[in-house]
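Notes follow the structure.
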Amino acid sequence: MTVDANRIDALQEENRKFPPSPEFAAQANAKPDIYNRGFEEFWEAQGRERVSWFRPFDKLYEWEPPYSKWYLGGQLNVCYNCVDRHVEAGRGDKVAFYWEGEPADERRTITFSDLQREVVRFANGLKKLGVKKGTPVGIYMGMCPELPVAMLACTRLGAPHTVVFGGFSAQAVAGRLNDMEAEILITQDEGWRKGNKVPLKANCDDAMELSPTIRSCVVVRRTGDPVNMTDGRDIYADELQAGLSDDPATCPCEPMDSEDLLYLLYTSGTTAKPKGIVHTTAGYLVGVATTHHYIFDVKPDSVYWCAADIGWVTGHSYILYGPLCNGTTGVIYEGVPNHPNEERWWEIIERYKVDILYTAPTTIRTHMKWGPQYAQKHDLSSLRLLGTVGEPINPEAWMWYRQTAGLGKTPVVDTWWQTETGMILITPLPGVTTLKPGSATKPFPTIDAAVYDEQGQEVPPGQGGNLVIRKPWPAMLRGIYKDPERYQQTYWARYKDTYFVGDGARKDEDGDFWLMGRIDDVMNISAHRISTIEVESALVDHPAVAEAAVTGRQDPQTGQAIVAYVTLKATHQASVELLSELRNHVSNKIGKIAAPANIVFTPELPKTRSGKIMRRLLRDVAEHRALGDTTTLADPGVVEELRSRAVAEEGKEQ
Ligand code: PRX
């Protein structure tokens, strides 16, 4: 048999379908005719409807590949759109955020008026430090309410921010601050995580030794423990703000041009120097507000919980800017899902009557590992929509989510996008789209997605290839900060004037997209190119398995052989019988070619701090290489543990 070396074989067959219920469809924000709307008409209308302008735009967009500009000639302010205009419209008493600290019984309810006062006072403090339009600001915080306050204060002043996830090391912080040439750093004394205190200010001290451009560090008190404060550089936020006004008239929202820099967000950089992804003001705000409205079917009385960290793009777009622009009530939870126990999430949903929940497949699989009994103790009947993002979702995890959290009735929207895309691009629209577990289904209206072979031809339905986007969209990245060459090379060199995503995908006969993971992770077994997600989903399909990660290791016969790392549900035990059962299960489900040569049982998988499985490290372990960069790992101990298990397993199998 001849095999096109560039094609990705599609093995998974998943036939379950869930059409929208008539009740949901009748009340949905999206109606089927949304797909008939013209590109320009749609985005012109969204631009006018979703955002308030200080000066209206006079041209929708310009496209000079690889750069686009949107809403040209317009002026607006993000903080005004997310906060002030809701207060001015008489909705000041509406809750903006229910905040829940990790330590039990620490809760705050923050209305839009409260948020406005806090943001104004914070912004007045920053002004005292000389922050103004264009001053680059770094933010390194946990999920306390002052994090959104700090971000909004920056946008109020027109100061671009870069938020560095609170789990990153001092070195990672310094690298990002230096690239942005940040002048101000906002942090907190300590954060809470898994019941422990995280030394955020101490990390900043180390980072600032390497970041000469920082002149002031603002420290929010969270735990209240004493931290080192350097005279003349460091100041507590409450001291900075003492006596300052919280009247919005004292700190008007800076009018920004549509294409002014809003923020940089550095991609996690598991392989190379992090890329500073550039997002600008108007197109980004319109893009996230529009997608948030239609995809999450948000209503005026919704209580919406996106359980990501604000330090990732998901938090920027769908905790902060999209939802607040739409005036939505959100939930922010500071800690981990199992503190003090595995019921924490479900308690939060019950307490606030959350109706929309948005999380990552990795979290769903973690809940699967613990078992459904924790969710079942709580009243989850308020939930009417579930969403996922971050990785391909295994069909069984999708089913579990719908069954356990959604009580078998809610739509699940599997949303595909990237830091670079700024907004969701491939997704079901609830009430319109027939759902398929494991498929992100259709491009959002106006998004022109396709699957290409290496020559730039569209592949036939059912065949895997490279996902590309052929037309611009409002929230797309405007480049890599200070590195146009890398921008061109990474995204635009493969196909002419077409955005190269870096993910594999296939489109089925109905035009639904199935994401197949990063192209770099595709395995080559006896000249068949097999995506990791299909083997992983076949493993997760077995009732004993909660989570699986596979990778290819070199093999003299087959080129590569599949090594699988498997985490079992709490109810199951590892055994030699289970090993062969799992191999057979994969063979039966998707074919003998995809059966793992080795299976390693492990209680945890190595993941980035945003929850993505780090397959590159698994390859290093499988091929007995020295480990590459492990600094972005959530728990570096996991790899060492895996290494010893891998050696033990191979011993057994030979
Ligand atoms: O590989 C895809 C995967 O996550 C990548 C983007 O990661 P990041 O920039 O960190 O943004 C994550 C949150 C938007 C993509 O290239 N990915 C994200 N969502 C999905 C996904 N893979 C499959 N299905 C998804 N729904």
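None of the figures in this text is laboratory data; all of them are computed from the coordinates on show. Not measured: the values here are computed from a predicted model. A quick note on method: Cβ atoms are made from the backbone with ideal geometry, for glycine too, and the neighbour counts reach across all protein chains shown.
Worth pointing out:
- Anisotropy class of segment 255-389 from Cα gyration tensor, a/c 1.5 cut: oblate
- For the pair Q455 and E209, a Förster radius of 51 Å applied to the C-beta separation gives a FRET efficiency near 0.50, rounded to the nearest 0.05.
- Cα centroid separation, segment 255-325 to segment 556-625 (Å): 34 Å
- When L262, L285, L407 are arranged by Cβ crowding within 10 Å, least crowded first, meaning fewest neighbours, the order is L407, L262, L285.
- Dipole axis of segment 522-653 (+1 Lys, Arg; -1 Asp, Glu on Cβ), positive-most option in V535, V600, N584: V535
- Label-to-label distance, nm, for residues given as D510 and R107 (7 Å Cα→Cβ offset): 4.0 nm
- The overall shape of segment 335-392, judged from the alpha-carbon gyration tensor, is oblate: a/c is not under 1.5, and a/b is no greater than b/c.
- Other residues lying with their Cβ under 13 Å from the Cβ of G511 contribute a combined charge of -2, Lys and Arg counting +1, Asp and Glu -1.
- Cα pair distances in segment 1-153, grouped into 5 Å bins until the bin that holds the longest one, percent each: 2, 6, 10, 11, 11, 13, 13, 12, 9, 6, 4, 2, 1, 0, 0
- Per-residue packing, averaged as other Cβ atoms within 10 Å, sorts the ranges 595-608, 571-584 into the order 595-608, 571-584, beginning with the highest.
- Order of E536, E41, E118 - criterion: other Cβ atoms within 10 Å of each residue's Cβ, fewest first: E41, E118, E536
- Placed amide H near F601: partners under 5 Å, 5+ positions off or other chain: V566
- Applying 1/(1 + (r/R0)^6) with R0 = 45 Å to the Cβ-Cβ distance of S526 and D33 gives a FRET efficiency near 0.40.
- Each peptide in 313-321, 391-399, 538-546, 202-210 receives the mean, over its residues, of other Cβ atoms within 10 Å, and ordering these scores from highest gives 313-321, 391-399, 538-546, 202-210.
- Cross-link partners of K589 among lysines, defined as those whose alpha carbon lies under 19 angstrom from its own and excluding same-chain residues fewer than eight positions apart: K17, K436.
- Spatially proximal aspartates and glutamates relative to K94 (Cα-Cα < 15 Å; intrachain offsets below 8 disregarded): D84, D114, D301
- Stretchable slack from E40 to R233, in nm (0.36 nm times residue separation minus alpha-carbon distance): 64.6 nm
- D58/D247 FRET efficiency (R0 35 Å; Cβ-Cβ; nearest 0.05): 0.55
- Taking a point 7 Å from the Cα of Q171 along the Cα-to-Cβ direction, the residues of segment 206-247 with backbone N closer than 16 Å to it are 206-211.
- Between R351 and Y67, the simple label model (points 7 Å from Cα in the Cβ direction) yields a spacing of 4.8 nm.
- Centre-to-centre separation between the Cα atoms of segment 450-476 and those of segment 8-50: 19 Å.
- Cα-based shape type of segment 22-503, given that a ≥ b ≥ c are square roots of the gyration tensor eigenvalues and the cut on a/c is 1.5: rounded
- Partners for K482 among lysines (Cα-Cα distance below 23 Å; same-chain residues under 8 apart left out): K69, K132, K133, K273, K275, K496
- Each DSSP beta bridge with both residues in the chain is either parallel or antiparallel, and the antiparallel ones are about 60%.
- Spin-label pair Q376/E577, simplified geometry with 7 Å Cα→Cβ offset, distance in nm: 2.4 nm
- Distance from segment 337-359 to segment 179-252 (C-alpha centre basis), Å: 30 Å
- Ordering 358-371, 556-569, 420-433, 61-74 by mean Cβ neighbour count within 10 Å, with the highest value first, yields 420-433, 358-371, 556-569, 61-74.
- Sorted by Cβ density within 10 Å, fewest first, the residues V303, V550: V303, V550
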